[in-house]
1. Among the candidates Glu233, Glu227, which residue alone is without any contact (Cβ under 8 Å) to a residue 60 or more places away in the chain and open to solvent by 10 Å² or more (accessible area, probe 1.4 Å)?
2. Looking only at the stretch 46-87, count every residue that is in contact (Cβ under 8 Å) with a residue 60 or more places away in the chain, under 29 Å from Ile127 (Cβ atoms) and not hydrophobic (A, V, I, L, M, F, W, C) and tell me the total.
3. Applying the selection to the stretch 89-126, what residues are aliphatic (A, V, I, L, M) and closer than 10 Å to Ile198 by Cα?
4. For the stretch 27-49, which positions are open to solvent by 30 Å² or more (accessible area, probe 1.4 Å), farther than 13 Å from Thr132 by Cβ and within 17 Å of the chain's Cα centre (by Cα)?
5. Of everything in the stretch 102-132 that's among the hydroxyl-bearing types (Ser, Thr, Tyr) and farther than 18 Å from Arg52 by Cβ, which residue is most open to solvent (accessible area, probe 1.4 Å)?
6. Those residues that are open to solvent by less than 60 Å² (accessible area, probe 1.4 Å) and not hydrophobic (A, V, I, L, M, F, W, C), I need them from the stretch 175-197; list them, please.
7. Are any of the residues in the stretch 4-12 over 20 Å from Lys106 (Cα atoms), open to solvent by 50 Å² or more (accessible area, probe 1.4 Å) and hydrophobic (A, V, I, L, M, F, W, C)?
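The values are calculated or read from the model by the stated rules, or taken from the named source; none is laboratory data. All values reported here derive from a predicted model rather than from experimental measurement. Cβ placement follows ideal geometry from the backbone for every residue including glycine, while neighbour counts extend to all protein chains displayed. Only protein heavy atoms, including side chains, enter the accessible area calculation; ligands, DNA and RNA are left aside. Shrake-Rupley method; radii C 1.70, N 1.55, O 1.52, S 1.80 Å.
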Amino acid sequence: MTEHTNKQFSAELENVRSSFLQMGGLVEAMIGEAMNVLVNKEVALADTVHDREKEVNRLEVEIDERIGLLIARNQPTAIDLRLLLSVSKMLTDMERCGDEADKIAKMARRMHEAGGQYIPAVELRHISTQVTNMIRNVLDAFAREDPIHAATVVRNDKEVDKEWKASLRHLITYMMEDPRTISRSIDLIFIARSLERIGDHAKNMAERVIYMVHGDDVRHIGVKATERVARGEPLVKEDN
C-alpha cells in the first residue's frame, strides 16, 4: 500500500470498529429498556426497543458491506484480516442479541396488557443484569483488544446458564402451585430463555475477541483452556 492508501485503510478500519461499538451500545440499551417494560410496566418503551432494533439491523448490513469492500480492495495483513473477520462474525451475534431484546419487550408489553396473576421476576432481573454486563464487558474487551477480559465473559456464561435453570425451576413451581399463573409463567420462561441466549451470543463474541488478538479458535475447548489461551499459553483442549 502507498502511505495515502495505508492511512485511508486505517481510517476505514477504525470506522468499522467504532460502528460496531455503536451497534453494541444500542443493543445494551435495548436489553435495559426491554426489562423496564417487564419490571416497571413502562410499556411505551417497547416501541423504543423496536425502533432501535431496526437501527441495529441497518448497522449490521452496513458494517458487513464495508468489511467486504475493505478485504477486497486492500488485501489486509493477517492481524487486520482477523479483526475484520471477527467483527463480521460478531455482527451476527450482536444483531441476534437485539432480536432477543425486541422479543422480550414485545412479550412483556403483551403480558401487561393481558393482565393476570402477578409473578415476581427476581431471577430475571438478575439474569438481565448479568447478560447486560457480559455485553458491556465484551465491547470493552474488543475496544481494548484485551483477551483476558474477554475470557471472563466466557466464564460468566456458565453462571447465566445456572441462573436460567434456577428460574425455570422456580416458574415451574409457580405453575404447579397455582394454575392461574400458567400462561404468565410460560411467557416468563420464554423471556428467561431470550436472556440466556443473549448470554450465549456474548460468549461467542468474547471467543471472537480472543481469536482476533491471538489467532486461536477457542470455540468448544472449555473455559479453563480458553483462559489459558487468553493469557497467551499454548492451546490445549479440555472437556467442558
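1. None of the other options fit; the residue is Glu233.
2. 1
3. Correct list: Met94, Ala101.
4. none
5. Of everything passing the filter in the stretch 102-132, Tyr118 is most open to solvent (accessible area, probe 1.4 Å).
6. Once the filter is applied, which keeps residues that are open to solvent by less than 60 Å² (accessible area, probe 1.4 Å) and not hydrophobic (A, V, I, L, M, F, W, C), the stretch 175-197 yields Asp178, Thr181, Arg184, Ser185, Asp187, Ser194, Glu196.
7. yes
Conditions (1) under 30 Å from Ile189 (Cα atoms); (2) open to solvent by less than 10 Å² (accessible area, probe 1.4 Å); (3) more than 19 Å from the chain's Cα centre (by Cα), marked per residue:
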{"site": "Glu55", "(1), (2), (3)": "yes, no, no"}
{"site": "Ala72", "(1), (2), (3)": "no, no, yes"}
{"site": "Leu85", "(1), (2), (3)": "no, no, no"}
{"site": "Leu91", "(1), (2), (3)": "yes, yes, no"}
{"site": "Glu100", "(1), (2), (3)": "yes, no, no"}
